[in-house]
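Engineer: Below is one structure. I have some questions about it.
The values are calculated or read from the model by the stated rules, or taken from the named source; none is laboratory data. If you're wondering where the values come from, they're calculated on a predicted model, not measured in any experiment. Here the Cβ is made from the backbone with ideal geometry for all residues, glycine too, and neighbour counts use every protein chain on show.
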Amino acid sequence: MEYLILFLPLFASILSGFFGKIIGDKISQVTTSLFVSLSAVLSFVILYKVINQGYENNLVIATWINSGSLNVNWSIKIDALSSVMLVVVNLVSALVHVYSIGYMSDDPHKPRFMSYLSLFTFAMLTLVTSDNFIQLFFGWEGVGLCSYFLIGFWFKKDSANSAAIKAFVVNRVGDFGFALGIFLIFYIFGTVNYNEVFEQIPTIIDKKIIFLGFSTKAIDLICILLFIGAMGKSAQLLLHTWLPDAMEGPTPVSALIHAATMVTAGVFLVVRCSPIYEYSQLALTIITVVGMSTAFFAATIAIVQTDIKKIIAYSTCSQLGYMFFAAGVGAYNVAMFHLFTHAFFKALLFLGSGSIIHAFKNEQNINLMGGVWKKLPYTYILMIIGTLALTGFPFLSGFYSKDAIIEFAYLKDNRAGFFAAYIGIFTALLTSIYSWRLIFKTFHGDYNNQKNKIESLHESPAVMLLPLAVLAIGSIFAGIIFKELFIGHDTFYVFWGDSIKFLQPLSTDHPPKWFIVLTPLLVTISIPLSFYLFVKNKKIVNAIVEANKPLYVFLQHKWYFDELYDFLFVKPSKKTGYFLWKKIDILIIDRFGPDGISKLIKNLSIRAVKFQSGYIYHYALIMLLGFSALLTLLIFK
Amino acid sequence: MNFPIISSLILLPTIGALFIFFTRPSSKKYQSSKYVALFISLANFLLSLYLWYIFDKSNVDFQFVENREWLSGFINYKVGIDGISILFILLTTFIVPICIISVNATVTNKLKNFLIAILLMETMMIGVFCSLDLVVFYLFFEAGLIPMFLIIGIWGGERRVYSAFKFFLYTLLGSVLMLIAIISIYWITGTTDVVKLYEIGIDPKYQKLLWLAFFSSFAVKTPMWPVHTWLPDAHVEAPTAGSVLLAAILLKMAGYGFIRFSLGLFPIASEYFIPLIYFLSLIAIIYTSLVALMQEDMKKLIAYSSVAHMGFVTLGIFTMTQQGIEGSIIQMISHGLVSAALFLSVGVLYERMHTRMINKYSGLVLIMPKYAIVLMVFTLGSIGLPGTSGFVGEFLILMGAFKKNFLVATIASLGVILGAAYMLWLYKRVIFGNLINEDLKKLIDLKKIEILVFSSLVFPILFFGFYPEPLINSVETSVINLIDMYNFNINNNLVLKK
């Protein structure tokens, strides 16, 4: 069964990728969707077995790299953690496959698109089912590659290609840290297999190493390096710049890769390595700080963006920040819970926005929409459900996971946790405001689009709405159903078993009453508030913008990160490259090297040639001079 | 002694070359000569596969050794293979038929002579990888330059004479020093037999100078910074088949030389010069990656990327760890396949459009989808994406380097980021976007024969990416033996000093 789960998507991808022309668009769309759906069903069976029977398995498919003490296998590891990821990945992937049949109906390259989606699913599955760091790395780069393909899917658009390269290269920066982390693990432990590494942890806690002149604890360094990889993949502050640009890709791609699955790989990595992270307080603190900064920072940008997908992209960035600081305060299971619920509502929001974009004929600017909720009733309702779940409105799935994160941060009882809790609450308010801004600007107010007449808009076909409905059900109920299993007091230890390590048991206290109700209260209040601000009385918003123009521009330019990186890295690299080539290679090495030598020899020989003038008296003179010199020398000696 | 299989490998291409030389083909196009050359080189490939099959991987000694007296008491013609050489022989015999198939359109005149040059070169290359006598090695090593020199000088582009001259000047400089070193070794020890030299060792006090002399020759061929500037010029001017041979095999002679001779004969000097090698390798990796980023000519870009990749190789060899050396060997094989493939890919475009300038191309995926796919695979191989052979090599090298020196491994890993940047940028500019040029519309996608050639390169790149066991297995014993010998020598020397 595990083999089927893993290889069905690969098979689907090969079938549709290489034989797409032969079997036709329809068949390749249906088969890929079918295969991935089958894989999704089987994943549920596995999850069921894990929940009820505590099923675990570690299959070895083949050896991969076997060099000295380095032994790496292709493997499938099933435990609680990977089974949850299997469900998330395969379920969302299957729904996105189906949705794409409708969304990409006008595209000439359907089989290629489906093939990439399935290939991505396969890569993501190898990532989550790995039993060692190198296969994890394989999946890690594999999903990065598919992301590259899919962002640049519309290859005629220059911006899409640039965004694809940016995504790949920025991720490579993260991978650079990740790879160094793996090297260090191999250096310290002599192996890269999870179990063998985790077993040895207690023996090396105090081991110190010198790295780049600093003496640090090896374990801290490992954790930080791995986290750099996670930051790249999960678009955390400093390495986040690729995610908003990645929205150049088709919307189903954004839903699958840049919301539900690939970007959560970083969180998965940290949770998977919880047996290491638990011993490094330093790394956990860094994770908390980075996580909460990202959560806050991305939310501030989302508030002023006008591109519907970019708003949701920054929202994703922000929610990933939540997951990280949950992991940072040691509540790995809560991080996984938020990952799980987030997959539903964020995929729902993305696919819903896709439905809107589809209706508006590829218009993405929310200022050019408005007042269409009657025309797109289903999309409207589904988007509302997604928004409620995202903002953490009581009793929808986001409520359980997000509030749990804030509570655990508060209960962590250290400074980082304390700050994280309050920033978490404030960010929840921001989240609510920007999400409702999106809804109100798109669906309410006046119709602002000149290009398309309002009569021409119509609801998306059933093949697109059906996956949305499934995700909506998940967004509503996933929280309440899986709450006990994932984060319920005492019960969660049973479910997660050995897959997550808790050095100290999580706090079972309750924060004060007022603290618990604060977030839901803010979130609820913000709905009428946003309605007032963005629909009823727009003057206030305009006044605020006018009064804080510099801040507004600063936010609109996304804190100037792109410009800064361009100035710091991109331009200098190009300039240096040009300098090294033109000045060093050509002007110095070649000039004094081969060209210089040949010129020198030429000059010398030209001079030597002059000696042989052919005139007897020249030769005679030289002979005479030489002879007298010799004589002089002999006489004076 | 049994059937002299190694000598047959070495001589078969020469026999083919002689045959082509003395026969007069019926048509002007020399099709029959090409078939003869192809047949001979394929036969040689099969022979080397058979050799790989019967080769005993668990045996540390050199196998299939042939030892004939040549100049009595002075030089013996001695050849034999171990796990490391067999892979390079396979690479050679695999690449040569591919060159011969792809030769048709790039070389229009004197095809017959061109084929002879390629076949002679195959003889020399195989000779390099299995000679067990320094003089024999030297002869093969240097003689291999002559066909290459001619290929660039006769069949090259506009500035071919300059490039050929530069190529010759650089390589000559190193060679002379190596010859002197070989003569000195004979004076010091009384033999040039590599196996004997491994046993008796060379007096540590001479090792540093001798190492430097060998190094100067290998560094030029690798090529290492700062003696790399001949490579871009040579590649740009050489015809496609020449570039392929140059990148895929000729550059590997130096890497092989480092492993076989620098480490094997002068362990103490090698240990002493490790910082130098690391320093130059890092410069090669970072510097040439940056330069590659700015290239406007596709061939030059790939040439510079070769320098960067070979920087990884030299770094890995001198980590003196099992992962590092095995990684270097895999990286060399992988680079042999990937760079050959990339040069062939550029050749395909050049043949159709007669330009290699990147800005002349755009949007090729629209008209050449098959080409876009194969080029993607090769690009990924060059980037070292997991699942391609490039990854296994690079990752093992960096792992080995990390054991030795954190800083070096960290800087070298930066090269991996730059590698992704320049290759993907190249791919984007050439393959994606809109068709900017009317001429581009006339391009035709890959022909059947080209698909055959490219798929025969795609297959091993992916296969060894997912399953490098065959490669690692065949070198493992030899590498462990090499490292043991190396450490033994280093420790002995330390004891002596005390």
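Engineer: Looking only at residues in the range B:200-213 that are over 28 Å from the mean Cα position of the chain (by Cα) and surrounded by fewer than 17 Cβ atoms within 10 Å (Cβ to Cβ), which one is farthest from B:Gly80 (Cα to Cα)?
Structural biologist: By that ranking, first place goes to B:Lys205.
Engineer: Of the residues that make up the range A:481-493, is at least one farther than 30 Å from A:Val169 by Cα, among the small types (Gly, Ala, Ser), loosely packed, with under 13 Cβ neighbours inside 10 Å and free of Cβ contacts under 8 Å to residues at least 40 places away in the same chain?
Structural biologist: No; the residues of the range A:481-493 include none that is farther than 30 Å from A:Val169 by Cα, among the small types (Gly, Ala, Ser), loosely packed, with under 13 Cβ neighbours inside 10 Å and free of Cβ contacts under 8 Å to residues at least 40 places away in the same chain.
Engineer: Kindly provide the set of residues from the range A:503-519 that are charged (D, E, K, R) and either farther than 17 Å from A:His489 by Cα or under 31 Å from the mean Cα position of the chain (by Cα) (or both), ordered by number.
Structural biologist: As a first pass, look at the range A:503-519 and keep what is charged (D, E, K, R): A:509, A:513.
Within the range A:503-519, A:Lys513 is the sole residue that qualifies.
Engineer: Taking the range B:147-165, which residues are aliphatic (A, V, I, L, M) and in contact (Cβ under 8 Å) with a residue 12 or more places away in the chain?
Structural biologist: Correct list: B:Met148, B:Leu150, B:Ile151, B:Ile152, B:Ile154, B:Ala164.
Yes/no matrix, rows are residues, columns are (1) aromatic (Phe, Trp, Tyr); (2) within 24 Å of A:Gly497 (Cβ to Cβ); (3) buried (at least 24 other Cβ atoms within 10 Å of the Cβ); (4) at pLDDT 90 or above:
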site: A:Asn66; (1), (2), (3), (4): no, no, no, no
site: A:Ser75; (1), (2), (3), (4): no, yes, no, no
site: A:Asn90; (1), (2), (3), (4): no, yes, yes, yes
site: A:Arg112; (1), (2), (3), (4): no, no, no, no
site: A:Ser147; (1), (2), (3), (4): no, no, yes, no
site: A:Ser162; (1), (2), (3), (4): no, no, no, no
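Engineer: Still on this structure: From the list B:Ile274, B:Ile286, which one is closer than 27 Å to B:Pro468 by Cβ, within 14 Å of chain A (Cβ to nearest Cβ), touching a residue at least 24 places away in the same chain (Cβ under 8 Å) and surrounded by fewer than 24 Cβ atoms within 10 Å (Cβ to Cβ)? Please lay out each step first, then the result.
Structural biologist: Working: B:Ile274 fails: within 14 Å of chain A (Cβ to nearest Cβ).
Result of the check over B:Ile274, B:Ile286: B:Ile286.
Engineer: Would you point out which residue out of A:Ser530, A:Ser507 is farther than 26 Å from A:Ala327 by Cβ and away from every other protein chain (no Cβ under 14 Å)?
Structural biologist: A:Ser530
Engineer: Would you check which residues across the range A:137-161 are of a type outside the set (Gly, Ala, Ser) and more than 10 Å from every other protein chain (Cβ to nearest Cβ) and list them?
Structural biologist: Listed by number, the residues that qualify are A:Val143, A:Cys146, A:Leu150, A:Ile151, A:Phe153.
Engineer: Mind checking which residues of the range A:353-374 are within 15 Å of A:Phe440 (Cβ to Cβ), out of contact with any Asp or Glu (no Cβ under 9 Å at 6 or more places or on another chain) and not basic (Lys, Arg)?
Structural biologist: Of everything in the range A:353-374, those that are within 15 Å of A:Phe440 (Cβ to Cβ), out of contact with any Asp or Glu (no Cβ under 9 Å at 6 or more places or on another chain) and not basic (Lys, Arg) turn out to be A:Ser353, A:Asn367, A:Leu368, A:Val372, A:Trp373.
Engineer: Let me ask you something else. Residue check, A:Asn71 against (1) buried (at least 19 other Cβ atoms within 10 Å of the Cβ); (2) at pLDDT below 90; (3) closer than 26 Å to A:Ala265 by Cα, all met but one. Which one?
Structural biologist: All conditions are met except number (1).
Engineer: Which count do you get for residues in the range A:168-181 that are closer than 11 Å to B:Leu424 by Cα and either more than 9 Å from chain B (Cβ to nearest Cβ) or among the aromatic types (Phe, Trp, Tyr) (or both)?
Structural biologist: 1
Engineer: For residues that are basic (Lys, Arg) and buried (at least 22 other Cβ atoms within 10 Å of the Cβ), scanning just the range A:398-438, find the one that is nearest to A:Val535 (Cα to Cα).
Structural biologist: Looking at residues that are basic (Lys, Arg) and buried (at least 22 other Cβ atoms within 10 Å of the Cβ), I get A:Arg437.
Engineer: Mind checking which residues of the range B:181-199 are acidic (Asp, Glu) and surrounded by 15 or more Cβ atoms within 10 Å (Cβ to Cβ)?
Structural biologist: Passing the criteria: only B:Asp193.
Engineer: Look through the range A:574-591, keep the residues that are within 7 Å of another protein chain (Cβ to nearest Cβ) and of a type in the set (A, V, I, L, M), and return whichever of them is nearest to B:Tyr422 (Cα to Cα).
Structural biologist: Restricting to residues being within 7 Å of another protein chain (Cβ to nearest Cβ) and of a type in the set (A, V, I, L, M), the top hit is A:Leu580.
Engineer: Moving to a separate point now. Looking only at residues that are small (Gly, Ala, Ser) and more than 19 Å from the chain's Cα centre (by Cα) in the range B:420-475, which one is modelled with the highest pLDDT?
Structural biologist: We begin by selecting, within the range B:420-475, every residue small (Gly, Ala, Ser); these are B:420-421, B:433, B:455-456, B:465, B:474.
Retained after the next criterion (residues that are more than 19 Å from the chain's Cα centre (by Cα)): B:420-421, B:433, B:455.
Values: B:Ala420: 85, B:Ala421: 84, B:Gly433: 76, B:Ser455: 88.
Going through the qualifying residues, I end up with B:Ser455.
Engineer: Could I ask something else about it? Is it the case that some residue within the range A:21-40 is within 14 Å of chain B (Cβ to nearest Cβ), modelled with pLDDT under 85 and assigned to a helix (DSSP H, G or I)? Don't jump to the end; show me each part of the working.
Structural biologist: Our first condition is that a residue be within 14 Å of chain B (Cβ to nearest Cβ); within the range A:21-40, this holds for A:21.
Narrowing further to those that are modelled with pLDDT under 85: A:21.
The next check asks that each one be assigned to a helix (DSSP H, G or I); those that pass are A:21.
Yes, because at least one residue in the range A:21-40 is within 14 Å of chain B (Cβ to nearest Cβ), modelled with pLDDT under 85 and assigned to a helix (DSSP H, G or I).
Engineer: Moving to a separate point now. Quick check on the range A:439-449. Is at least one of its residues assigned to a helix (DSSP H, G or I), among the polar types (S, T, N, Q), within 24 Å of A:Val535 (Cβ to Cβ) and out of contact with any helix residue (DSSP H, G or I) (no Cβ under 8 Å at 6 or more places or on another chain)?
Structural biologist: We begin by selecting, within the range A:439-449, every residue assigned to a helix (DSSP H, G or I); these are A:439-443.
Among the residues that remain, those that are also among the polar types (S, T, N, Q) are: A:442.
Right, trim to within 24 Å of A:Val535 (Cβ to Cβ) and you get A:442.
Among the residues that remain, those that are also out of contact with any helix residue (DSSP H, G or I) (no Cβ under 8 Å at 6 or more places or on another chain) are: none.
No, that holds for no residue.
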